[in-house]
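The values are calculated or read from the model by the stated rules, or taken from the named source; none is laboratory data. Everything numeric here is computed off the predicted structure, so don't read it as measured data. Here the Cβ is made from the backbone with ideal geometry for all residues, glycine too, and neighbour counts use every protein chain on show. Side chains are part of the model used for accessible areas, which takes the heavy atoms of the whole protein and leaves out ligands, DNA and RNA. Shrake-Rupley method; radii C 1.70, N 1.55, O 1.52, S 1.80 Å.
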Amino acid sequence: FILSKPTKFSLSDAELVTAWNDYGFKAFNACDHSRVLEAIAALKKRGKKPSGDFAYRAVESVGLYEDIKTFPRDPASIVFPKENIWVKAKKTVHAKDFGWNPTDATACLQKALDSDADTIIVDKMESPWLIVSVNVPSNKTIVFADGVRVHATASEQSSNSRKTLFVLKETDNQALIGKGDVMIGKFPDGKTKRQYATWEGGTGVYIDGARNVLIRDLAVNYCGCDGVTFGGCLRIPRNVYLENVVLHGNTRQAMSICNACDVYMKNVEFSTTFGAWPMCGVDFEPSVPEVQAICNI
């Protein structure tokens, strides 16, 4: 009513923009798609884009009203990549050559990931790769050799910190591929996890707004929170494939899908989740009280 009579209520241009953003956000929370589009159109008419909570929570979700029309896809049309099909491999490095440290290999692995190589091989060493947390840049393929184990450092385990082992944040074209018996996990086994994970800790792989992602032929076990978590309000994760993946013995969920679109899973195990509620195999869990976007899973 007020927005339809801005002159009567003496609203300045700045106040109108603020009001339309608030209107759009409230419409989004009420799942009122037509009024969300009305708010976006009103802002566009004034040469503005959505801002604040309206932009942060809602705008990325608008397109999913169209995306959902394509669900369900014909399974025959879904092709699971065997390798990183989004990157043409040009240079390969071995992560160990960047200064492997048996008690904390975080810096070593991060330097390898930040190098100009597109393929990073994580070799089996005399002991597991112990890390705090690494960020995986765009256009990278991580190949884990047969027998590789990646766990949190001793201090991260004993404190059950909330840090994620592998973070894919607002990136593109990434693959984590195992070549044999490969396990990523904050803790090496269930006994150690029971000792330290008396509350919710860190996740194994966090796909936060990343797009074009492949995870295959490995296990993500015994993490302090989830095996794999999907999230990202400003940028929805899209086009993610998991094949031949085991998510076993994690604490909160095997997998939490808080915000994602176009996620495909084949031969994935979600088993023996224990330690912190709700202890689900797969949890479709909008990450904030407001409605979040989850579609085409």
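As a length-normalised measure over Cα pairs under 8 Å and 6 or more apart, the relative contact order of the chain settles at 13 percent. Using 0.36 nm per residue and subtracting the Cα-Cα separation, the extra length available between S127 and K82 on full extension is 13.4 nm. Close amide-amide hydrogen proximity is noted between F284 and I257, each under 5 Å apart and 5 or more residues distant or on a separate chain (H modeled in the peptide plane; Pro and chain starts excluded). Simple point charges give the picture: +1 on the Cβ of Lys and Arg, -1 on the Cβ of Asp and Glu, and for region 31-162 a dipole about the Cα centre of about 640 debye. Scalar couplings 3J(HN,Hα) for region 19-33, obtained by applying the Karplus form with A = 6.51, B = -1.76, C = 1.60 to θ = phi - 60°, are 5, 5, 5, 5, 4, x, 5, 5, 5, 4, 5, 8, 6, 9, 4 Hz; x denotes Gly and Pro.
For region 88-103, the Karplus equation 6.51 cos²θ - 1.76 cosθ + 1.60, evaluated at θ = phi - 60°, returns couplings of 8, 5, 10, 9, 10, 10, 9, 4, 4, 6, 9, x, 4, 10, x, 9 Hz by residue, with Gly and Pro reported as x. When the Gaussian network model of the chain links Cα atoms closer than 10 Å, the mean-square fluctuations of A39, A210, A95 top out at A39. Just the protein heavy atoms count here, and of the accessible area of the chain at 1.4 Å, carbon and sulfur take up 55 percent.
Available extension along the chain between D181 and D97 is 28.0 nm, counting 0.36 nm per residue and deducting the alpha carbon span. Give the shape of region 92-178 as rounded, prolate or oblate, defined through the alpha-carbon gyration tensor: a ≥ b ≥ c are the square roots of its eigenvalues, a/c under 1.5 means rounded, and otherwise the shape is prolate if a/b is larger than b/c and oblate if not. Judged from the Cα gyration tensor, region 92-178 comes out oblate (a/c at least 1.5, b/c at or above a/b).
On the beta carbon distance between S34 and Y56, with R0 = 30 Å, the FRET formula returns roughly 0.90. Near L214, the amide H atoms lying under 5 Å from its own belong to Q174, A175, L176, Y241; only residues 5 or more places off or on other chains count, and H is placed 1.01 Å from N. Since only P237, Y65, V136 are under comparison, the one whose Cα sits farthest along the positive direction of the charge dipole of the chain, derived from C-beta charges on Lys, Arg, Asp and Glu, is Y65. Averaged over its residues, region 3-136 has an accessible area of 59 Å² per residue, based on protein heavy atoms and a 1.4 Å probe. Rounded to the nearest 20, the Cβ-based charge dipole of the chain about its Cα centre (Lys and Arg +1, Asp and Glu -1) stands at 520 debye. Report Y65's accessible area, 1.4 Å probe, all protein chains in place, as a number in Å² to the nearest 10. Per-residue accessible area (Y65): approximately 90 Å². Using a probe of 1.4 Å, the accessible surface attributed to M255 totals some 0 Å² when neighbouring protein chains are kept in position. Taking amide H positions as modeled 1.01 Å from N, with prolines and chain starts lacking one, the residues under 5 Å from V182 and 5 or more places away or on another chain are G147, A219. Calculated FRET efficiency, Y65 and D104, Cβ-Cβ r, R0 51 Å, to nearest 0.05? Efficiency for this residue pair is about 0.65.
With a simple spin-label model that places each label point 7 Å from the Cα along the Cα-to-Cβ direction, the separation between T198 and S115 comes to 4.2 nm. Helical content of the chain, expressed as a calculated mean residue ellipticity at 222 nm, amounts to -5500 deg cm²/dmol (DSSP H runs of 4 or more residues, -39,500 (n - 2.57) each, divided by residue number, nearest 500).
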